[in-house]
Structures are given as C-alpha cells and as structure tokens.
Amino acid sequence: MESGTKKWGFQAKKGMRSTASISVRGVLNRLAESLNKEDKREVIPLAHGDPSAFPCFRTTPVADEAIFDAVRSAKNNHYAPTVGLLPARRAAADYLNRDLPYKLSPDDVFLTLGCIQAIEIAVAVLAAIPGANVLLPRPCFPYYETRAAHSCLDVRHFDLLPEKGWEVDLEAVEALADENTVAMVIINPGNPCGSVYSYQHLEKVAETARKLGIMVISDEVYGHLTFGSTPFVPMGVFASTVPVLTLGSISKRWIVPGWRMGWLVTNDPDGILQDSGVVASIKDYLNISSDPPTFIQAAVPQIIENTKDDFFSKINNILGEAADICYGKIQDIPCIICPHKPEGSMFVMVKLNLTLLEGIDDDVDFCLKLAKEESVMALPGMAVGMKDWLRITFAVEASALEDGLERLKVFCQRHAKKHYSANKNRLWRCTTSRRISKV
C-alpha cells in the first residue's frame, strides 16, 4: 500500500535554499540545531531582533502597568471588534498624527497581531487582484516573499544600493513595473540593512510610485529607532502624492515583540484606497482572522499616552552605542566588509569575502559552522535575499556584543586561507621589525 507521502506527493523541504519557504524562525531553528551542546559558553544571539531578554532593553514600567490595569479591570475579557478596539485605534492614529501633515482618523487604523499579520493582510489584499505583481526590495525581510508565495502573488525584486546607504534603485523599480504591478514595498528604518531614508529620497519614491500608478506599502515597525544623522520620516507624509499602506507596531520601539500588537494604516487623503476596494478587502480579511488579545488592545492608549521621551532616548542611545561597537569591531575582520554604518533599526548587513576563507562553502555554511564552533548565531544573507552576506543584530548588551564579535573574529582567523594568514603574519613581523629598529 502506498504511503501518504507517495500517494499525495508530499515531500519534505530540505535545507535552506528556497527563498519562498524561508522564515527567520526556520533559519534560527536550523542554527540552534547546529550548536555544540558541549560548549559551556553562553550563546550570543546576533541573528534576530528581540533584545527583550537583556536588562538594558527592558520595556518601560508604563507598559507593564497598562497591561496590569487592563487585566485587573476585568473589562477586557471579551472578543474585540475585528478592526480593533476604538480607543486603541484612536490612540494609534493620534500617535502617527504627530508626524503627519494631515490627520488620520480611527477608521484609518486596523489593529493586527503584530506587524506580521499586517504583512499577511497587505499581501492577501494584493493577491486578490487577478494577475497582480508586487515589487519587493532586495535584501528584504523574508516574510514578504514567503507570504506572497503562499498567496500565489507574483513578486519582482529591485535592488537596494549599499554604496548609497541602501537607498532604493528607482531606475530598477521603473524597469520592473508593468501594467499588472500594484504596489512596491519599502522598509524604513531598514531591516535588514539598518538604513534610514531621507525626506528627499522618500519623496522620490513617492513620485516614482505615482508615475507608475502603484501604491507604497511602508513597513515602519522600526519607526523612530534611529541614532544617526538622518531623522525618521514616515512614508505617510507623501500620501497626497501616492496612497500608502503603513505597517507598524509597538513591538520594537517599546521592546515588547511577544505582545504581538500591531497595526495596518491607510494613509489615503484622496480616498483612492477606499474607492478601489482596498479598504473593503482589508476588512474582509480581518473578518476571518484572529485579533490581538483584547486586554493588550485595551492597554494601548495608556502605553502610548504615558510613555515619556526619555525612555525612547535611552533605547536609541543604547542602540547607537551598540552600532558603533559593531561597526568598529567588524573593521578588524578582513573577510567581512560593512559597506554602510547602520543608522537605525537593530541590524547591519555585511558582505563575506569567501576568497579569504577555507572550508566555507557559502553564507549558510559560514553561519552553521559559526554556531557550532563559537556558539554565535548570525543570520545568513540568503535568508534576506543576499547570498554570501550576513545580517548581524547589534541589539544585545554591550558585553555580549563584544564577546560575540570577538568570537566571530576568532572563527574567521581559524578559517582564513593559510597563504593569507602567512602574508598577514609576515607583514606584522616586518612592521614590528621596523618599529624595533627605530627604537
């Protein structure tokens, strides 16, 4: 008798090679399996953006108290409306209005199970359009590609330009778009690049999208997590030029990713998304999906209204110092190149020079062996669409970050090609000899 596998044609997915089947969690699980159980050192998590375990990144007590109050009130044990509780939607609209030249209403805000569900909804809405395709950045947070494949939505990729601070290649966007293109995605501040787009660049993005007749989906889950010279500007500022779907949450700025409290917002002052049926499609999807827990929704107004600026400043200062450490340490590792110092989010993209390494096949092999030999977890660039690159998280405590980067350096030295190591040692000896001869 045929087994279920043969009869129905099911096949296990092996390895981490299919972009459409990749998730950060799946890659992390694979890396965790590679860890050496005999290594008693602490595992350094440089692969994912959840710093909540570190004391220096603890959320504000305001957030804790808001949750306690919402639970103790016994008024939030019911099902919430599919679009979310009105007070929470109003609070989110008011929060976003601080940076906009027009006013969002609560009706423009739809509460979601974190930013992940907001991505699911946006992709599902686009996939409902016959023959549609969407333009995704490369590199990109992998969930967009995964959800698009799941929803049978065609995707095309435009490059981000590392030599220009990971700006969008707008010429490529214009070349890729056709009559079936309905949207382009940007992530600002950038995951995985650590980039922050200027007002001028976002204005050009809006003008390009308008020229092509497409909407912009702006993932701003890392909104306001900036520590460089470029301030955060929401894409919604340009909604009078082009309709914008904004995706966001309290997960990252408040350091509570496990609370899964996000939103999808229609920045649509001209009513284009309303008239085209996009808003109706969003509501249809919400009618058949799960909601964020009611008590967390109920806590949102208190969280947003009572959190002081000094909490946000503290987090940004910690991230900025960590980015400095990360960028500086990477300069000391010859086989890793960092084309742009991060200015926002929690990540940096770095390129591997595999010609300087022995016994390393590609970025996946690099990360698996790094986990096994040094108990350091970094995300292979393949996961975000960039083969032979790495995404490194610097949102960890400074001592752990320095330890992890030192282990990374030791790993690279261990796998350095012998002729490179010999040349480097020869150069060191010659330099030392000259210094000694001058004394």
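Observations on the model:
- Per residue, the average separation of C-alpha pairs within less than 8 Å and at least 6 apart gives the chain a relative contact order of 23 percent.
- For the cross-link pairs Lys40/Lys372; Lys252/Lys283; Lys40/Lys314; Lys308/Lys329; Lys40/Lys409; Lys103/Lys164, the ones whose C-alpha atoms lie over 23 Å apart are Lys252/Lys283; Lys40/Lys314; Lys308/Lys329; Lys103/Lys164.
- Relative to the current alpha-carbon distance between Lys204 and Ser52, full extension at 0.36 nm per residue lengthens the span by 51.2 nm.
- Amide H partners (placed H, <5 Å) of Ala416, local residues excluded: Glu358
- Distant-in-sequence amide H partners of Glu167 (H built 1.01 Å from N, under 5 Å): Leu161
- Three-way shape call for the stretch 151-201 based on the alpha-carbon gyration tensor, with the a/c threshold at 1.5: prolate
- Sparse packing (at most 16 other Cβ atoms within 10 Å of the Cβ) combined with a DSSP loop state is found for the following chymotrypsin sites (Phe, Trp or Tyr not before Pro) in the stretch 97-186: Tyr102.
- Loop-located GluC sites (Glu not before Pro) in the stretch 182-270, at most 14 other Cβ atoms within 10 Å (DSSP): none
- Rounded to the nearest 20 debye, the dipole size of the chain about its Cα centre is 1780 debye, using +1 on the Cβ of Lys and Arg and -1 on the Cβ of Asp and Glu.
- 3J(HN,Hα) along the stretch 207-212, derived from phi through the Karplus expression 6.51 cos²θ - 1.76 cosθ + 1.60 where θ = phi - 60°, amounts to 5, 5, 4, 5, 4, 7 Hz, with x in place of Gly and Pro.
- 3J(HN,Hα) from dihedral phi, the stretch 342-355, Karplus parametrisation 6.51/-1.76/1.60, rounded to Hz, x for glycine, proline: x, 10, x, 6, 9, 9, 9, 9, 10, 9, 8, 9, 5, 5
- Val155 long-range amide H proximity, modeled H, under 5 Å: Val134
- As an equivalent ellipsoid, the stretch 60-202 spans semi-axes of 33, 20, 15 angstrom, where each value is the square root of five times an eigenvalue of the C-alpha gyration tensor, largest first.
- Dipole of the chain computed with +1 at Lys/Arg Cβ and -1 at Asp/Glu Cβ about the Cα centre; of Ser229, Ser289, Cys193, farthest Cα towards the positive end is Cys193.
- The residues neighbouring Ile282, those whose beta-carbon lies less than 12 Å from its own, together hold a net charge of -4 under the Lys/Arg +1, Asp/Glu -1 convention.
- Packing around the peptides 344-353, 305-314, taken as the average count of other Cβ atoms within 10 Å per residue, puts them in this order, highest first: 344-353, 305-314.
- Positive minus negative residues near Trp254 (Lys, Arg vs Asp, Glu; Cβ under 11 Å): +2
- If R0 equals 51 Å, the separation of the Cβ atoms of Ile288 and Lys417 corresponds to a calculated FRET efficiency of about 0.40.
- As a fraction of the 1.4 Å probe accessible area of the chain, surface on carbon and sulfur atoms comes out at 52 percent.
- Extension gain, Lys341 to Val71, is 93.0 nm, computed as 0.36 nm per intervening residue step minus the present C-alpha separation.
- The long axis of helix 61-72 is offset from the longest Cα principal axis of the chain by roughly 40 degrees.
- Quick note on the stretch 242-346: its Rg to Rh ratio, both from C-alpha atoms and Rh being the Kirkwood radius, is 1.11.
- Per residue, the stretch 30-100 exposes 58 Å² of accessible surface when a 1.4 Å probe is rolled over the protein heavy atoms with every protein chain present.
- Classification of the chain by its C-alpha gyration tensor yields a prolate form. The axis ratio a/c (a ≥ b ≥ c) is 1.5 or more, and a/b outweighs b/c.
- A simple spin-label model places the labels of Val410 and Glu174 5.2 nm from each other, with each point 7 Å out along Cα-to-Cβ.
- Local electrostatic count at Pro51 - Lys and Arg +1, Asp and Glu -1, tallied over other residues with Cβ under 14 Å: +1
- Between 0 and 90 degrees, the angle of helix 86-97 with respect to the longest Cα principal axis of the chain falls at about 60 degrees.
The values are calculated or read from the model by the stated rules, or taken from the named source; none is laboratory data. Here the structure is a predicted model, which is why all the values come from computation and not from measurement. With ideal geometry, Cβ positions are generated from the backbone for all residues, glycine too; neighbour counts draw on all protein chains shown. These accessible areas exclude ligands, DNA and RNA; they are computed on the full protein's heavy atoms, side chains included. Shrake-Rupley method; radii C 1.70, N 1.55, O 1.52, S 1.80 Å.
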